[in-house]
Amino acid sequence: MPIQKEHLWRNDITGLRALAVVPVLLYHAFPGVIPGGFFGVDVFFVISGFLISGIIFRGFKNDNFSWRTFYAKRVKRIIPNLLLVLWVTMGLGWFFMFNGEYRELGKAVSSGAGFFENFELIKAKGEGYFSLQAIRNPLTHLWSLSVEEQFYIVFPLLAMGAVALGRRLEWGKANARVLGLVAVVLITLGSFALCLGTESAKHAFYWPWTRFWEISAGIVLAYAEIVYGFHLNRGIRQGLTWLGLAMVLWAFWGYDATIRTPGLFSLFAVLGAVFLIAAKPDAWVNRTLLSWKPVTFIGLISYSLYLWHWPLLSFAQIVGGEMTNGYVLSLALVSSALVATVVFYLVEQPFRYVSVERSRVVVAMLLLGLVVTVGAGKILRLTQGLPDYGFRSQHPYLESHGIVKEVRKMPMCETDGVAYQCTKPGSAPVLLVIGDSHAQQYVNKLQDLSLKSGKNIALVASPSCWMVDDDSQGSTACVAARKTLRSVLNFSSVKGVLWIQKWGHRHYKEAALLGAGDALLKLKKRFPEKRFIVMEDNPWDESYNWRQRVLRFDVAKQSQVANWPVPHGGIWEDANEKVKANLPDEIEWLEMVKVFCPRGVCRLIAFEDSNHLSPYYLRDHATWLDELGIFLQRE
């Protein structure tokens, strides 16, 4: 006999959803309150694995599983609320985001609607979950939904394929059950091993295959209970309920920033959730705390609550800038709870329980809505955040010169088999500019200098790369850039070398700063005919990201953050002083701060973020590079 629906519904699992979502919300608003609150997502993964695989295993057991019904239910459950969040976010972004930010939101909308946001975040520069920039992407939180959807798409197909193969090979029920359990356990252990062995913390955090073990932990439990009929006696379950609760709470409050996640510490959240589910509804914690009506209500709206809280928190900080405080964030959380409740009753429930006659049409329309939303996100990217039409609060400089435009792409030159970026293909370079992203930001200025002089300028740079170094440390692109640098230095046409670097980058060790002069001196001795110049790095500090301080709804306030004092006593000043103090006489020092920040006040409107200057601002105002004219004089 098929198991009746009332036997499948568990209030305690609904309450466990509340135990998972509340710490996530509090962590996102107030990280210091629950340092490991983000482990609530790990608990969600376990719950999803248990419930979704349970539906599949019961269907196979009763010979009534329908993949069409399964996916239709998932579509009606997940997509309506998601579409609403995405379109409301785009609407808010239209009014409160600058063009470049709105363009990036378009990318997040497309990847969120297409359920590959986790992969986009892996590629994105500086978009780690724990980075300061993460909260300013209103859709960062959709990474976990993407991981779950990737599981929803793949796992049922794998399960159906395994069942079909077992029937074809006539394994027999007993053998099939054993092989199925072995397969699930091996996949779980393999995913966990991959999670522990992945060097990149960002990849380990966002990759689906390094997260599958958390979902699979719930699958193993569902398989044991449904396929094998495995159940523990009441006494053991009473112990498990307390142990599980203690482990989950320890994950929330025992975590500190030195612990890698996901990793071994994640076992507290994952196994704790498994123990609580395995304890059954009659265990004390499950039947009292987790089944308490206020808790189960939060569990019922947990999906809606998770979807809405992050965009509201994000826009609170985007719109409020420096005015954003604990009261504003608390108001954003309360608002998200109210919105989530309304959407749960007016959107989620009606779509979820739509009549059978209308189900196919509704599912088709929802899938079409996803396609349209992906397209809308693409349009935001292709149009650089859509034209302004005068309705959005844009700073005048940003409208005409800012990040609404793309940085020019430098063409490639090839000399003696060496390929490098240049400004004038077909001629030998007379000036070589090297460095990291702080050198790349001058691309427009270099091209204008080249156009005026008729001389070719070579650029050899790679983000976060210490260029004057003979070792192989760094990214693949960095190592390749160093190799190119050594080749271009041999060109007799190159008369000057300009090194532009973010000297205080967290990746660069103090020894490298102190040894920069010695490294250049070695090059000077090898190429005595060339002039080597080191440029003072532009000022930077977290406070320099003026977009994080401006009140977006008050255009007048934007002009008040146009200037900011030079950051004394910080990493920027310390690193510049170390480099300058250790330069030998043979190496020249090019000052830029006195020109860029007259009277000790910097033009912050020239910045794209906390440390990068706008390439279009530099094109028009980087007068400190005029001293390079000696290399670029027409013959």
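The values are calculated or read from the model by the stated rules, or taken from the named source; none is laboratory data. On a predicted model such as this, the values are computed, not experimentally measured, just so you know. Counting neighbours? That spans all protein chains shown, and the Cβs are built from the backbone with ideal geometry, glycine included. Surface areas here come from the heavy atoms of the whole protein model, side chains and all, with no ligands, DNA or RNA. Shrake-Rupley method; radii C 1.70, N 1.55, O 1.52, S 1.80 Å.
Structure notes:
- Where a residue in the range 254-267 is closer than 20 Å to PHE192 by Cβ and its partner, wherever it lies, is of a type in the set (S, T, N, Q) and part of a loop (DSSP other than H, G, I, E, B), with Cβ under 7 Å and at least six apart: PRO262/THR210
- LYS76 being more than 25 Å from the chain's Cα centre (by Cα) and crowded, with 19+ Cβ neighbours inside 10 Å: yes
- Selected residue [out of contact with any strand residue (DSSP E or B) (no Cβ under 7 Å at 6 or more places or on another chain), in a helix (DSSP H, G or I) and at pLDDT 95 or above] from ALA18, ALA72: ALA18
- Residue selection: VAL43 satisfies the criterion of being out of contact with any His (no Cβ under 6 Å at 6 or more places or on another chain) and modelled with pLDDT of 95 or more.
- The set of residues from the range 607-619 being open to solvent by 40 Å² or more (accessible area, probe 1.4 Å) and either modelled with pLDDT of 85 or more or in contact with a Gly (Cβ under 6 Å, 6 or more places away or on another chain) (or both) comprises just one member, ARG619.
- Matching residues, the range 409-425, being among the hydrophobic types (A, V, I, L, M, F, W, C) and surrounded by fewer than 20 Cβ atoms within 10 Å (Cβ to Cβ): MET412, VAL418, ALA419
- For the range 236-248, the tally of residues that are out of contact with any helix residue (DSSP H, G or I) (no Cβ under 6 Å at 6 or more places or on another chain), open to solvent by less than 60 Å² (accessible area, probe 1.4 Å) and modelled with pLDDT of 95 or more stands at 1.
- Residues (assigned to a helix (DSSP H, G or I) and either modelled with pLDDT under 80 or buried (at least 20 other Cβ atoms within 10 Å of the Cβ) (or both)) located in the range 620-635: LEU625, GLU627, LEU628, GLY629, ILE630, PHE631, LEU632
- Where THR261 falls short, out of the listed (1) surrounded by fewer than 24 Cβ atoms within 10 Å (Cβ to Cβ); (2) in contact with a Lys or Arg (Cβ under 9 Å, 6 or more places away or on another chain): (2)
- Some residue of the range 292-305 being crowded, with 24+ Cβ neighbours inside 10 Å, outside any loop (DSSP other than H, G, I, E, B) and hydroxyl-bearing (Ser, Thr, Tyr): yes
- Evaluated against (1) at pLDDT 85 or above; (2) under 30 Å from ASN563 (Cα atoms); (3) not hydrophobic (A, V, I, L, M, F, W, C), LYS409 falls short on exactly one condition, (1).
- Enumeration of residues in the range 318-337 that are touching a residue at least 60 places away in the same chain (Cβ under 8 Å) and farther than 18 Å from PRO23 by Cα: ILE318, VAL319, GLY320, GLY321, GLU322, MET323
- Listed by first and then second residue, the pairs with beta-carbon distance under 6 Å, at least 6 apart or on different chains, first residue in the range 607-625 and of a type in the set (D, E, K, R), second not in a helix (DSSP H, G or I), are GLU608/ILE403; GLU608/SER614; ASP609/ASN545.
- Residues of the range 338-354 satisfying the condition of being touching a residue at least 12 places away in the same chain (Cβ under 8 Å) and either under 28 Å from the mean Cα position of the chain (by Cα) or open to solvent by less than 80 Å² (accessible area, probe 1.4 Å) (or both): VAL339, ALA340, THR341, VAL343, PHE344, VAL347, GLU348, PHE351, VAL354
- Those helices (runs of 4 or more DSSP H) of the range 426-539 in which at least 3 residues are more than 25 Å from GLU573 (Cα to Cα) and open to solvent by 30 Å² or more (accessible area, probe 1.4 Å), considering only elements entirely within it, cover 443-453, 476-488, 510-526.
- Filter result for THR288 (among the polar types (S, T, N, Q) and either without any contact (Cβ under 8 Å) to a residue 12 or more places away in the chain or surrounded by fewer than 18 Cβ atoms within 10 Å (Cβ to Cβ) (or both)): yes
- The set of residues from the range 272-291 being of a type in the set (D, E, K, R) and not in a helix (DSSP H, G or I) comprises LYS280, ASP282.
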